[in-house]
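See structure below.
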Amino acid sequence: MSTTMYRISNSLLRFMLLFALFPAVTLAAASSTAPMDGDMAVSFNAGVINAFDDDFEDLEPVFTGTFEYYTNPRFSWRGLLGVTSFDSDLPGNPSLDVNFFTANALYNWEHGKFHPYVTGGVGVYQKDGSSNLLSRFDENVFGVNGGGGIDWYLGSRWALEFEGTFHATTGESPDTLFIGTVGAKFWF
């Protein structure tokens, strides 16, 4: 191949490579819609809770709200408030109301609009039994939790959130729980 032909083909190859990479470079330079350093977020969620206990074995509704602070786009800290009520299979059909607060750390991975994450933390669980439930169920206990989920970013400042977590608490049953929720997350 002549030197002139080599230069022309080399120049054409560089131009084609630059032309092919231009959309990828442009998309990479575009600002992300995901939370950034110092962003804060709130979410509102609804779902089901299941106690791994013979006396409280039905699925029950659960409602949670969160406040989250992002130290960087991959890592955040979260406070969660939740409420639920269990109907018991014990005689007299007593109920048990549970309010809980957890403090968690979250780590997420970016996959475009989908950000899967893992979470773990500690919490305080307030159990309040109905009048026909033994008083031993009225207690404030500590617990740990862990799980994961996916944030699905649909807009510039909001996402759908799907999460599942396991909770283990001290004290009387129910002491092992699974919570699955779906909700909306808004950040600012």
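A few notes on this one:
- Being among the hydroxyl-bearing types (Ser, Thr, Tyr) and not in a loop (DSSP other than H, G, I, E, B) is a condition met by at least one residue of the stretch 94-101.
- Residue in the stretch 14-29 that is loosely packed, with under 13 Cβ neighbours inside 10 Å, in contact with a Ser or Thr (Cβ under 8 Å, 6 or more places away or on another chain) and at pLDDT 50 or above present: no
Yes/no matrix, rows are residues, columns are (1) aromatic (Phe, Trp, Tyr); (2) more than 17 Å from residue 163 (Cβ to Cβ):
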{"site": "36", "(1), (2)": "no, yes"}
{"site": "41", "(1), (2)": "no, no"}
{"site": "44", "(1), (2)": "yes, no"}
{"site": "50", "(1), (2)": "no, no"}
{"site": "58", "(1), (2)": "no, yes"}
{"site": "63", "(1), (2)": "yes, no"}
{"site": "73", "(1), (2)": "no, yes"}
{"site": "88", "(1), (2)": "no, yes"}
{"site": "94", "(1), (2)": "no, yes"}
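- Within the span defined as the stretch 132-139, every residue fails to be of a type in the set (D, E, K, R), closer than 22 Å to residue 44 by Cα and in a strand (DSSP E or B).
- The one condition from (1) β-branched (Val, Ile, Thr); (2) modelled with pLDDT of 95 or more; (3) over 15 Å from the mean Cα position of the chain (by Cα); (4) surrounded by 15 or more Cβ atoms within 10 Å (Cβ to Cβ) that residue 98 does not meet is (2).
- For the stretch 32-51, the set of residues classified as open to solvent by less than 40 Å² (accessible area, probe 1.4 Å), farther than 17 Å from residue 76 by Cβ and more than 14 Å from the chain's Cα centre (by Cα) consists of 49, 50, 51, listed by residue number.
Yes/no matrix, rows are residues, columns are (1) within 11 Å of the chain's Cα centre (by Cα); (2) under 25 Å from residue 36 (Cβ atoms); (3) at pLDDT below 90; (4) not in a loop (DSSP other than H, G, I, E, B):
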site: 116; (1), (2), (3), (4): yes, yes, no, yes
site: 119; (1), (2), (3), (4): yes, yes, no, yes
site: 126; (1), (2), (3), (4): no, no, no, yes
site: 145; (1), (2), (3), (4): no, no, no, yes
site: 165; (1), (2), (3), (4): yes, no, no, yes
site: 168; (1), (2), (3), (4): no, no, no, yes
site: 173; (1), (2), (3), (4): no, no, yes, no
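- Listed conditions (1) farther than 14 Å from residue 35 by Cα; (2) in a strand (DSSP E or B) are all met by residue 159, apart from (1).
- Filter result for residue 86 (open to solvent by less than 70 Å² (accessible area, probe 1.4 Å), in a strand (DSSP E or B) and touching a Pro at 6+ places or on another chain (Cβ under 7 Å)): yes
- Residues (under 15 Å from residue 178 (Cα atoms) and free of Cβ contacts under 8 Å to residues at least 40 places away in the same chain) located in the stretch 45-79: 54, 57, 58, 59, 60, 61, 63
The values are calculated or read from the model by the stated rules, or taken from the named source; none is laboratory data. Just so you know, these numbers come straight off a predicted model, no measurement behind them. Backbone-built Cβ (ideal geometry, glycine too); neighbour counts: all protein chains shown. Quick note on the areas: whole protein, heavy atoms, side chains included, nothing else; ligands and nucleic acids left out. Shrake-Rupley method; radii C 1.70, N 1.55, O 1.52, S 1.80 Å.
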